[in-house]
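Below is one structure, written out as structure tokens; comments come after it.
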Amino acid sequence: MLVYLHGLNSSSRSFKAGFLREHLAPHPVRAIDYPAHRPEAAIATLEGFFAGLEHPAPAVVGSSMGGFYGQYLARRFRFSHLYLINPALTPWAFFDEYAGQTLTTADGERYQVSREQTEQTRRYAVEQPCDGVPTTVFLDRGDEVIDHRIAERLYGECGAGARVLAWDGGDHAFQHLDEAVALIRAQLDADA
């Protein structure tokens, strides 16, 4: 089983969620909606989901802000593998950049970016990700939203416990999903 965690202002009905469902079948793919823009509520929703999950160790794909939450949750729950796509590993920097602006979620909820959100994200940071959680990081170096070098540096120092695959070009939407899904599928097939 694979669980997909969407990014900020996205949803379980995003392009990536649909692509994973279509291209990983017959492996089950679950994508859930959670308030990615409200860190404490996001963590509470996701912890409740994983605590109630019947599958003992799902693979998890987190995109952007979903990668940030996935990284934190991988230290609280057992995942067979964590896949991060252009992860927002320091979201407080993103929130600071948009402080005071109004953004809209995929469901049409409007919210104003606040200092409180910035501080809440810091509570869920993973300073040292090289702790044995099997992780693969997929990066487009042309990401216009998140600095890819943060994830390359953090996970590049992990050695055998993590692998980083980075492509020149691309963008935050991630233009190398075919390649990423082929690797994910191979791992799911091997684990089946």
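The values are calculated or read from the model by the stated rules, or taken from the named source; none is laboratory data. Owing to the predicted nature of the structure, the values given are computational and were not obtained by experimental measurement. A quick note on method: Cβ atoms are made from the backbone with ideal geometry, for glycine too, and the neighbour counts reach across all protein chains shown. When the accessible area is computed, the model is the full protein with side chains, heavy atoms only, and any ligands, DNA or RNA have been set aside. Shrake-Rupley method; radii C 1.70, N 1.55, O 1.52, S 1.80 Å.
The Cα atoms of the range 51-140 give a gyration tensor whose axes a ≥ b ≥ c have a/c of 1.5 or more with a/b greater than b/c, which makes the shape prolate. Computed from Cα atoms, the angle from the helix 39-51 axis to the main principal axis of the chain rounds to 30 degrees. Altogether, the Stokes-Einstein calculation at 37 °C and 0.692 mPa s, with the Kirkwood radius of the chain over Cα pairs as Rh, returns a diffusion coefficient of 198 µm²/s. Counting only protein heavy atoms and a 1.4 Å probe, the chain has 46 square angstrom of accessible area per residue.
Backbone phi angles across the range 159-164, fed through the Karplus curve with coefficients 6.51, -1.76 and 1.60 (θ = phi - 60°), yield HN-Hα couplings of x, 5, x, 8, 10, 10 Hz in residue order; Gly and Pro are listed as x. Between Ser12 and Glu179, the distance separating the two model label sites (each 7 Å from Cα on the Cα→Cβ line) works out to 3.1 nm.
Annotation for the range 98-143 versus the range 22-49: alpha-carbon center distance of 14 Å.
Using bins of 10 Å that start at zero, the share of Cα-Cα pairs per bin across the range 8-107 amounts to 14, 49, 31, 6, 0, in whole %. Spin-label model, Leu165 to Ala106: label points 7 Å out along the Cα-to-beta-carbon direction sit 2.2 nm apart.
Share of the range 1-132's accessible area from carbon and sulfur, percent, 1.4 Å?
Working: 2680 of 5760 Å².
Carbon and sulfur atoms account for 47 percent of the accessible area of the range 1-132.
Across the range 124-192, the volume of the C-alpha convex hull divided among the residues equals 109 Å³ per residue. Backbone geometry of the range 31-36 corresponds, through the Karplus equation with coefficients 6.51, -1.76 and 1.60 at θ = phi - 60°, to 3J(HN,Hα) couplings of 10, 10, 8, 8, x, 4 Hz, x marking Gly and Pro. For the range 83-93, backbone phi angles converted through the Karplus equation (6.51, -1.76, 1.60; θ = phi - 60°) give residue-by-residue couplings of 10, 10, 10, 6, x, 8, 7, 10, x, 4, 5 Hz, Gly and Pro being listed as x.
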